[in-house]
Amino acid sequence: MGNYRNFKLVVYFVAHGTITETREKLEQELAFFKRHMRLDKVYLEPFRSGEFASHEQVELCRAVFEENGVEVAGGITTTIRTPEGDEPKQRLFDTFCYNDPKMTEKLKEVCAFLGGHFNEFIIDDFFFTNCTCDACRAGRDAFNAEHGITDGSWQEYRLALMQKVSQECVIGPARAANPDIQITIKYPNWAESYQETGYNPAQQRTIFNNIYTGTETRDYVTTDQHLPRYLSYSLMTYFENMWPGHNGGGWFDPFDLHVMEQYLEQAYLTAFSKPKELMMFCFQALVDTMRVPALGYQLDKLDETLDYAGNPIGIQCYLPDNSQGEDNIQDFLGMVGFPIVCTPYFPEKADVILLTRASAYDPQIVDKLEKYVAEGGKAIVTNGFVEATSDRGIYRITSIRMRGRRISGRDYRIENIERNGRNLLTFPQGREEITVPVVEFRNNATWALVKVGSGQESYGILLKDTYGKGQMYTLTVPDSFPDVYKMPMGVLTRLHAEFPVGGVYLEAGAQTSLFMYDNDSFIVYPYVEWGAQPAVARIHVKGEANGLVAPTRKDFRGEPVYIEPLYTTADETVFEIYTMPGQYVIYQIQRD
C-alpha cells in the first residue's frame, strides 16, 4: 500500500504555499512532518482564489517532495476573484460563475497547466456554483422553459451546467495536454445539498476517473454545519458503494473543532471505512502544530487495528442520487450504536435496510419496498418516510397515519421478549423530554414495541408491521434529531436488539458507535463529549461464542486480551467490555 499497510497517508498543499515556498523553508516544514508520520503522497496545488503558481515554483516544490520519497500529484480549487475591471458578482466563497467567459477561460488554462505538469490531479470541493447574476438567471430560465420546469428552481439547470463545465472546461483541456491524465472529483460533506449547487455524482461519475470523499466534520454548536461525526464513516461507505473501487479516500481538516480528539475522530472514522488514502488538509494548516504528532501516533494504532478488520457491513441506508430529507438522520442513528452503511442503489439483497425521507425521492420506492418486505426482507422506515409516501401506496404495508400532532415525554414503555416466550414490559425514564410526531396506528394491525409519553398516554417509537414473509418497522425520530441521545440505554438496546448486524448488537449509552465487519470483527468507539466518562458496555452475539479477543490490546503476559462470556442464553452470548471516551478497540469473535 505504502508506508502504512492499510492506507496511503497523503496531504494537500495549497496554492499560496506553492507560490511562496523556498527550498529551505519547505525542507524544514517537511522535516517536521517526517518526525511524526510517514507521508506517501502530496497533492500540490498551483491555483486557488485567482492565485496561480509559476512553472518554476511547481517544479521546485515537486523536486523537494520527490527527493524526500513523497509521490506528487496535482490539485485545484475552483475559486476566483472578480476579474480586474469587471463588476463584482455575489458568489459565496468566490466560486466561479460558469456563465462568465473570463472565468471559464481561466479554468481551461489552469486545467491545461495541470495536464502539462501532472499525471493525476484532484478537484477540491468548491466545484459548484451559487451565482445568480443576470447571465445565470437567464440560463436557468431558458433551461427551465425548455424542460418544462415551472417552479423556477435551480437544481436541474445547475446539474446540467456543471456536467457541461466538467467536460468542456476541466476534462477536455487537461486531456488535450495529457491524454493519460487521471482526474478525481472530491465531494464535500454536505451530501444532502449537492444538487442545489450543481454537484452531480450520478452523472459526473461517468466522466471522471475517480471520486473522493470529504469526511471533515465541525463543532455542531458554534458552526453552521450540524454534522454528526459518524458522517466521517457513513459518507465513505456511500461513495464506495456508489462506485466500488473508485473512491480514492477520505479528506479531513482541523477547522472549526475546539477539542483535539474531535480532530482525531475524523481520522479514526475515515479509517474504519477501509479507505485507500487518508488525506490531511492541509500542509500549511498543520505544520508546527500539535495535531501532527497526535495524529502520527494514532496512525500506527489505526494501521494495526485495520489489520484485523474485514469489509464494512451494516444496516444499508438507501440515499438515491440527488435526494434530501431528514438530513443526516442516518448519522445520528450511527452515533447511538446502529451500524449503518449508505448506498445510492436500492439494497434489494440486504438483510436489513433503512429508508428515510430522502429515500422517498425514488418515485418507485414504495413498490420496491413492498416487494422487498413481501419476499422476506426486514426494513426500518422513519416517520418522515411514511409521511412522504402517504399518497404513494405505503398504506398497503402499514396502518400508520400521520395527523400532524406532536407530543413531548420522557416516560418509556418497552416490550421485551422473555426467553420462554412471555412478554415482559419495562418502563425506563429518560433524563429529559423528547418531542416526537404522534404516529397513529390501528391496534393488532400494527404493533408498538417501544413507546414514549407522559401520564396516561404513550405513543409509538418503534412499531412493527408484518407483510408477506417479512417485516417493516417504523422508527419515530425526535423532531430534533440529536434528541436520540436523550433516550435511555434500555430503549437504545431494545432498538438495537431488533436489528443485529453480523449477529451482533450493542448495549450501551448514547454516543457510542459500533462498526461491523464481515470477518466476525467489530470496533466499539465512544465519542469524546463534554462530561463523557468511562463506562461498561455489553456486546450481544447471536448464537454460541466462546470469547472475544482484543488483538491490539495486551494483558500482563503480553498476550491479546481475552474476554470470557458474561452469560449465555439459548440464542445468544453476552460479553461485558470497558469503554473509555476517545479510545477505539477492535474485537474478534471466537466461535470455536
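The values are calculated or read from the model by the stated rules, or taken from the named source; none is laboratory data. What you see is a predicted model; the values in this text were computed from it and never measured. Because the Cβ atoms are built from the backbone with ideal geometry, glycine has one as well, and the counts that use them run over all protein chains shown. Only protein heavy atoms, including side chains, enter the accessible area calculation; ligands, DNA and RNA are left aside. Shrake-Rupley method; radii C 1.70, N 1.55, O 1.52, S 1.80 Å.
Yes/no per residue for (1) closer than 29 Å to Tyr212 by Cα; (2) open to solvent by less than 30 Å² (accessible area, probe 1.4 Å); (3) part of a helix (DSSP H, G or I); (4) modelled with pLDDT of 95 or more:
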residue: Phe113; (1), (2), (3), (4): yes, no, yes, yes
residue: Thr132; (1), (2), (3), (4): yes, no, no, yes
residue: Arg140; (1), (2), (3), (4): yes, no, yes, yes
residue: Gly152; (1), (2), (3), (4): no, no, no, yes
residue: Glu156; (1), (2), (3), (4): yes, no, yes, yes
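Considering every residue within region 243-250, establish whether at least one is open to solvent by 10 Å² or more (accessible area, probe 1.4 Å), in contact with a Phe, Trp or Tyr (Cβ under 9 Å, 6 or more places away or on another chain) and without any contact (Cβ under 8 Å) to a residue 40 or more places away in the chain. Looking for residues that are open to solvent by 10 Å² or more (accessible area, probe 1.4 Å), in contact with a Phe, Trp or Tyr (Cβ under 9 Å, 6 or more places away or on another chain) and without any contact (Cβ under 8 Å) to a residue 40 or more places away in the chain, one finds none in region 243-250, hence no.
Among residues of region 199-223 being over 29 Å from Val72 (Cα atoms) and not aliphatic (A, V, I, L, M), the one that is most open to solvent (accessible area, probe 1.4 Å) is Thr222. Selection over region 192-204 of residues that are touching a helix residue (DSSP H, G or I) at 6+ places or on another chain (Cβ under 6 Å) and not in a helix (DSSP H, G or I) gives a count of 2.
With respect to the conditions (1) more than 32 Å from the chain's Cα centre (by Cα); (2) in a helix (DSSP H, G or I); (3) within 30 Å of Asn130 (Cβ to Cβ), Phe93 falls short on a single one, namely (1). Looking across region 486-499, just one residue is among the β-branched types (Val, Ile, Thr) and either open to solvent by less than 10 Å² (accessible area, probe 1.4 Å) or assigned to a loop (DSSP other than H, G, I, E, B) (or both), and that is Val491. Where helices (runs of 4 or more DSSP H) sit wholly within region 266-335, those with at least 1 residues that are under 21 Å from Pro254 (Cβ atoms) and over 17 Å from the mean Cα position of the chain (by Cα) occupy 283-286, 291-306.
Between Pro560, Pro565, Pro551, Pro500, which is free of Cβ contacts under 8 Å to residues at least 60 places away in the same chain, in contact with a Phe, Trp or Tyr (Cβ under 8 Å, 6 or more places away or on another chain) and either closer than 24 Å to Phe332 by Cα or not acidic (Asp, Glu) (or both)?
Pro565
Here region 399-430 is the region considered, the condition is being part of a loop (DSSP other than H, G, I, E, B) and surrounded by 13 or more Cβ atoms within 10 Å (Cβ to Cβ), and the residue that is modelled with the lowest pLDDT is Pro428. Filtering region 578-592 to residues that are at pLDDT 95 or above and open to solvent by 10 Å² or more (accessible area, probe 1.4 Å) leaves Tyr578, Thr579, Met580, Pro581, Gly582, Gln583, Tyr584, Val585, Tyr587, Gln588, Ile589, Gln590. Only a single criterion out of (1) aromatic (Phe, Trp, Tyr); (2) open to solvent by less than 10 Å² (accessible area, probe 1.4 Å); (3) in contact with a Pro (Cβ under 6 Å, 6 or more places away or on another chain) is not satisfied by Phe385, namely (3). Scan region 460-474 for residues that are assigned to a strand (DSSP E or B), touching a residue at least 60 places away in the same chain (Cβ under 8 Å) and open to solvent by 10 Å² or more (accessible area, probe 1.4 Å) and the total you get is 2. Report, by residue number, each residue of region 431-451 that is modelled with pLDDT of 95 or more, under 32 Å from the mean Cα position of the chain (by Cα) and of a type outside the set (Asp, Glu). Within region 431-451, Ile434, Thr435, Val436, Pro437, Val438, Val439, Ala448, Leu449, Val450, Lys451 meet the criteria. Any idea which residue in region 553-567 is nearest to Pro534 (Cα to Cα), counting only those that are modelled with pLDDT under 95 and not charged (D, E, K, R)? Per the stated criteria, the residue is Phe556.
Scanning region 348-379 for residues that are part of a loop (DSSP other than H, G, I, E, B) and either surrounded by fewer than 22 Cβ atoms within 10 Å (Cβ to Cβ) or aliphatic (A, V, I, L, M) (or both) returns Glu348, Lys349, Ala350, Asp351, Asp362, Pro363, Gln364, Glu375, Gly376.
Filtering region 110-131 to residues that are farther than 17 Å from Gly249 by Cα and of a type in the set (A, V, I, L, M, F, W, C) leaves Val110, Cys111, Ala112, Phe113, Leu114, Phe118, Phe126, Phe127, Phe128, Cys131. Mind listing whichever residues of region 164-191 are buried (at least 16 other Cβ atoms within 10 Å of the Cβ) and either touching an Asp or Glu at 6+ places or on another chain (Cβ under 8 Å) or not in a helix (DSSP H, G or I) (or both)? Of everything in region 164-191, those that are buried (at least 16 other Cβ atoms within 10 Å of the Cβ) and either touching an Asp or Glu at 6+ places or on another chain (Cβ under 8 Å) or not in a helix (DSSP H, G or I) (or both) turn out to be Pro173, Asn178, Ile181, Gln182, Ile183, Thr184, Ile185, Lys186, Tyr187, Pro188, Asn189, Trp190.
Report yes if some residue within region 326-344 is touching a Cys at 6+ places or on another chain (Cβ under 8 Å) and either basic (Lys, Arg) or over 25 Å from Pro526 (Cβ atoms) (or both); otherwise report no. Yes, because at least one residue in region 326-344 is touching a Cys at 6+ places or on another chain (Cβ under 8 Å) and either basic (Lys, Arg) or over 25 Å from Pro526 (Cβ atoms) (or both). For Arg91, the criteria (1) out of contact with any Lys or Arg (no Cβ under 9 Å at 6 or more places or on another chain); (2) open to solvent by 40 Å² or more (accessible area, probe 1.4 Å); (3) over 20 Å from Asn210 (Cβ atoms); (4) not acidic (Asp, Glu) hold in every case but one, which is (2). Residues that are in a loop (DSSP other than H, G, I, E, B) and in contact (Cβ under 8 Å) with a residue 24 or more places away in the chain were ranked within region 388-398; the one that is most open to solvent (accessible area, probe 1.4 Å) is Arg392.
If only one of Asp479, Asp483 is part of a loop (DSSP other than H, G, I, E, B) and surrounded by fewer than 20 Cβ atoms within 10 Å (Cβ to Cβ), which one is it? Before the answer, list the steps.
Details: Asp483 fails: part of a loop (DSSP other than H, G, I, E, B).
The match here is Asp479.
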